[in-house]
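A short write-up of the structure that comes next.
The values are calculated or read from the model by the stated rules, or taken from the named source; none is laboratory data. In this text the structure is predicted, and so the values were computed from the model without any measurement. Here the Cβ positions follow ideal geometry from the backbone for every residue, glycine too, while neighbour counts run over all protein chains shown.
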Amino acid sequence: MLALARQEFGWVARLLDQASYDGRTGRALHVVLAELGQFCGWSACDTGYNGLAQRFYVAALRAAHSADDRPLGAYILASMASQAARYDGRPADAVTLIETALAGTRGGQTPALLAQLYMRHAYAFAFLRDTSACTAAISQARTQVEALTPDDDPPWLYWVNPAAITGNAGVCLLRLGQPDHAIAMLTESIAQLDESFVRDRQFYVTHLASALTRPGKQRDLHVAIGLGMESIDLVESLDSITGLGYLGDLYHDLKPHAIVPAVRDFLDRARGLVAA
């Protein structure tokens, strides 16, 4: 997927550099280049090429600026914020990137774009362990997702829906040390999720399993193991370093309970994937 997207990115970049076109066509080409660059950046992150991802995001942001497409630029900044918080250990920079995106698109945001930006804001605050700011951002994201107008949104916001926002909220709450609230959110998200969203399901199922291993009223190792086995099935169908990382987190959450036979079965099956 990444290899094909890189080829298409290079083809559009060469077309912009070498071909003759009017202003309208040039803007359209820059939009395409920005969209491809964002996708290449996301794919590179998902397969563990973080430096490459950053280069694609920067190129995509420049293309969006050349096209004067502020919503697309904000979306790319949100992708950069996700990388900064999740992969690079820079959640404070992620907060700044989202605030820049919100300011740069003020007055031109659809509910879907705002929901996505506020959710990335919440994610960054969760990494900073700022409970108040995180829960406020989650509330803003959930308010916006209730007002979605899909006909007004560009195709790249296709994935923004109640299941995505609720699931990501659950992940944030788990990071904040609120497993019971996280379990409620993640369970709701999985129930709403379209079955074609395999990558998202693996993300939410794995975090729900982790939440069920934590001390709390709803702690349930046996349900966690069942979800963990599903996570293995799902990640084996994906080419995702990120997904393997989530599985690795669950592996370490369950490892202290290896005295339980079913936990040992999970650990034995997951070990080869986690070590790969």
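Filtered by the rule that a residue be surrounded by fewer than 17 Cβ atoms within 10 Å (Cβ to Cβ) and farther than 21 Å from A85 by Cα, the stretch 157-179 gives Y158, P162. Scanning the stretch 249-276 for residues being surrounded by 16 or more Cβ atoms within 10 Å (Cβ to Cβ), within 23 Å of I190 (Cα to Cα) and of a type outside the set (A, V, I, L, M) gives a total of 3. Restricting A34, A28, A84 to residues that are farther than 14 Å from A5 by Cβ and assigned by TED's automatic domain parsing to the domain that holds A13 narrows the list to A28.
State all residues of the stretch 38-73 that are outside any helix (DSSP H, G or I) and either surrounded by fewer than 17 Cβ atoms within 10 Å (Cβ to Cβ) or not aromatic (F, W, Y) (or both); if no residue qualifies, say none. If the condition is that a residue be outside any helix (DSSP H, G or I) and either surrounded by fewer than 17 Cβ atoms within 10 Å (Cβ to Cβ) or not aromatic (F, W, Y) (or both), then T47, G48, A67, D68, D69 are the ones that fit.
Filtered by the rule that a residue be under 20 Å from E236 (Cβ atoms), among the acidic types (D, E) and not in a helix (DSSP H, G or I), the stretch 181-214 gives a lone residue, E195.
Screening the stretch 1-37 for residues that are under 20 Å from L72 (Cβ atoms) and of a type in the set (D, E, K, R) and picking the one that is surrounded by the most Cβ atoms within 10 Å (Cβ to Cβ) gives E35.
Condition first: in contact with a Leu (Cβ under 8 Å, 6 or more places away or on another chain) and closer than 15 Å to I76 by Cα. Now tell me which residues in the stretch 42-56 satisfy that. Selection gives S43, A44. Residues in the stretch 169-203 that are of a type in the set (S, T, N, Q) and either modelled with pLDDT under 95 or under 16 Å from L227 (Cα atoms) (or both): T187, S189, S196, Q202.
Residue pairs whose Cβ atoms lie under 8 Å apart, separated by 6 or more positions or on different chains, with the first residue in the stretch 60-75 and over 17 Å from P111 (Cβ atoms) and free of Cβ contacts under 8 Å to residues at least 24 places away in the same chain and the second surrounded by fewer than 19 Cβ atoms within 10 Å (Cβ to Cβ) and of a type outside the set (K, R), do not occur.
For T206, the requirement of being crowded, with 16+ Cβ neighbours inside 10 Å, in contact with a Ser or Thr (Cβ under 6 Å, 6 or more places away or on another chain) and at pLDDT 95 or above is met.
Candidates are the residues of the stretch 232-252 that are assigned to a helix (DSSP H, G or I) and of a type in the set (D, E); the one that is farthest from the chain's Cα centre (by Cα) is D233.
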